[in-house]
Amino acid sequence: MKKSVSTLFGVLLISMPIIAQTTRYVNSSAGGNNDGSSWADAYSSLQSALDAASSGDEIWVAKGTYKPSSAYDLTNTSRFYHFRMINGVGIYGGFAGTETAMIQRTDMGLGGVNETILSGDIGTIDDNSDNCYHIFYHPSGINSTAILDGFTITRGNADGSDSHNDGGGMYNNNSSPTINNSTFISNSSNDTGGGMNLLDSSPIVTNSLFILNTAPYGAGVHNSFSSPTFNNTTFTRNSAGRGGGIRKTSSGNPNFNNCIIWGNTATVEGNQLFVNGGGAFTLNNSCYGNGSGDVAGNSSPTTNNSITSDPLFVDADNGDYRLVGNSPAVDAGNNSYNSQTYDIRGNGYSRKLNKNDGTAGTIDIGSYEYQFGNDPLPVELVSFTGELANETVELYWETATEVNNYGFNVELRMENGEWETIGFVEGHGTTNSPKEYSFTDILNLDLNPNLTRIDYRLKQIDNDGTFAYSKTITVDLTTNNSIEDKGIPTVYSLSQNYPNPFNPSTTIKFGLPESGLVDLRVYNNLGEEVARLVNNELAAGYHETTFEASNLSSGMYIYKLISGKFTQTKKLILLK
């Protein structure tokens, strides 16, 4: 009898249908069958993929701009157009359009080459009055299995009535999706939550950015009866009447872990935070403004291991929200709050790195992880070399820009010894033009006859006493030559263009530690190539090229250098 039952059960299992996961592809520039079956035959609109998707599917979206085209169950007029997430479906942006694995996504954050934009600017371009009320509208029922990952959500304008007066970027009512690696920028509402509005909702948001959103109440995010969790998310330059960054009312227990809430404004009260009602508003390992007028409401946030110092963005005024090397937010987070491998930019931008050498370490606070050797210090050092001549070592270094630079301690380390300061060179304070420095170290080899090599590094010191170290260079004394001769860098580098902003031309410098194929291109904000500056073999050393933009319109552009395994991008601004 047992055998018969087992046999029957096995037959039933074999006969049960198996639901396979489907990957649906979206690429606005694809020219194939438009059926979503591959990159070549990708849907040209995101809405087509959403219409076809069911639980268990993934939607992969290539770089470009996509706009809502469905009102779902609302009034079928264009301002009600919006996207809706689906339980069990992951929607992933940031693809170039050739990838075969999710992990291959890279450079997908704000201004990145593979930035994927969901825009509500459906009518007259740059006229908010005819934009969609929401980019995403979730009236109820969305849970954490609905995933949004790798998008820029922008230009939603919730100036309608009832719920269409809230949540220009995303409106959530009894909905708790999962959101990763996404930017909410330049959304607005006439009431609450320019970037995101939460009512009875508890989404989990990680590695994300809320900037330049506006609303009377809670410009970045508005919370009511909600208990969301925000991990490594940055709120800055949002503007409201009350609660420029975040506003909480009624009950609920929002948690902010490894977050930056800084540089927001409110015309009435609560530049950064406005906290009212019951429940706890908790900041864990976060960085927030706590000066005059920054925190308001009848409740106070609970803070654990949090700081109230300027996070030191690279250049917030020009849209660069990375952290400089000596930011108090670097290496100041808690690793347990974030399971993501990469930061908001994707592959190649690992999380949980030691700022001093790039090895595994403590996660940073905010959306971006400081990348040792790639992301800038407050003083951007573009080269540091040494040259041996008889019994002296001539050290040379160059900066591209400097902010509050007091100067440099020159430090030396003998073989197996300790670092010691051997001199000081005064800095140039604040400047956006390249500066060159040198220092001569007079050796006494008679006192150290067996010495074969010497290490040098720079300790760059700001006016406020904060400091950061350069990479180490080594001089070989056995061959009467330096390991790094002047003019040959030890690492790849891409300098900030100069001048910047510019019109009509600017110079871009870069350094190559070895010969190889070099590709340097310029892209607009849609990821479209507008200029190819270099595409050939170059010798090791320092190089420069000129970008001529007389035929382009004003705006922000991205330039990207690729050589070997090195890839780096920077922003430049054309002002006419």
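Each row is one residue, and each column tells you yes or no for (1) touching a Leu at 6+ places or on another chain (Cβ under 7 Å); (2) surrounded by 24 or more Cβ atoms within 10 Å (Cβ to Cβ); (3) at pLDDT 95 or above; (4) at positive phi.
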{"residue": "G93", "(1), (2), (3), (4)": "no, yes, yes, no"}
{"residue": "R105", "(1), (2), (3), (4)": "no, yes, yes, no"}
{"residue": "G109", "(1), (2), (3), (4)": "no, yes, no, no"}
{"residue": "V113", "(1), (2), (3), (4)": "no, no, no, no"}
{"residue": "D126", "(1), (2), (3), (4)": "no, no, no, yes"}
{"residue": "T145", "(1), (2), (3), (4)": "no, no, yes, no"}
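The residue pairs whose first member lies in segment 89-112 and is under 15 Å from S28 (Cα atoms), whose second member is surrounded by fewer than 22 Cβ atoms within 10 Å (Cβ to Cβ), and whose beta carbons are closer than 6 Å, counting only pairs six or more residues apart or on different chains, are G97/W39. Looking only at segment 233-276, filter to residues that are among the aromatic types (F, W, Y) and closer than 22 Å to D315 by Cα; which one of those is surrounded by the most Cβ atoms within 10 Å (Cβ to Cβ)? Among those residues, the one meeting the criterion is F235.
Restricting attention to segment 528-576 and to residues that are in contact with a Gly (Cβ under 6 Å, 6 or more places away or on another chain) and surrounded by fewer than 17 Cβ atoms within 10 Å (Cβ to Cβ), the residue that is modelled with the highest pLDDT turns out to be G564. Quickly run through segment 389-411 and pick out the residues that are under 19 Å from T421 (Cα atoms), part of a strand (DSSP E or B) and modelled with pLDDT under 80. If the condition is that a residue be under 19 Å from T421 (Cα atoms), part of a strand (DSSP E or B) and modelled with pLDDT under 80, then T392 is the only one that fits. Restricting attention to segment 375-384, the residues being over 11 Å from Y437 (Cβ atoms) and at pLDDT 75 or above number 2.
Checking the structure you have, find out if any residue of segment 318-339 is over 19 Å from E402 (Cα atoms), in contact (Cβ under 8 Å) with a residue 60 or more places away in the chain and of a type in the set (V, I, T). Taking every residue of segment 318-339 in turn, none turns out to be over 19 Å from E402 (Cα atoms), in contact (Cβ under 8 Å) with a residue 60 or more places away in the chain and of a type in the set (V, I, T).
In segment 300-329, the residue that is farthest from T430 (Cα to Cα) out of those that are in contact with a Pro (Cβ under 6 Å, 6 or more places away or on another chain) and of a type outside the set (A, V, I, L, M) is S309. Only one entry of S175, S161 meets the criterion of being buried (at least 24 other Cβ atoms within 10 Å of the Cβ) and more than 24 Å from K63 (Cα to Cα), and that entry is S175. Filter segment 29-50 down to the residues that are surrounded by 16 or more Cβ atoms within 10 Å (Cβ to Cβ) and either outside any helix (DSSP H, G or I) or of a type in the set (F, W, Y) (or both) and list them by number. Listed by number, the residues that qualify are A30, G32, G36, W39, A42, Y43, S44, S45.
Among the residues of segment 481-498, is there at least one that is in a strand (DSSP E or B) and modelled with pLDDT of 85 or more? No: segment 481-498 contains no residue that is in a strand (DSSP E or B) and modelled with pLDDT of 85 or more.
The values are calculated or read from the model by the stated rules, or taken from the named source; none is laboratory data. As the structure is a computational prediction, the values presented were derived from the model and not from experiment. Virtual Cβ from ideal backbone geometry, glycine too; neighbours counted across all protein chains shown.
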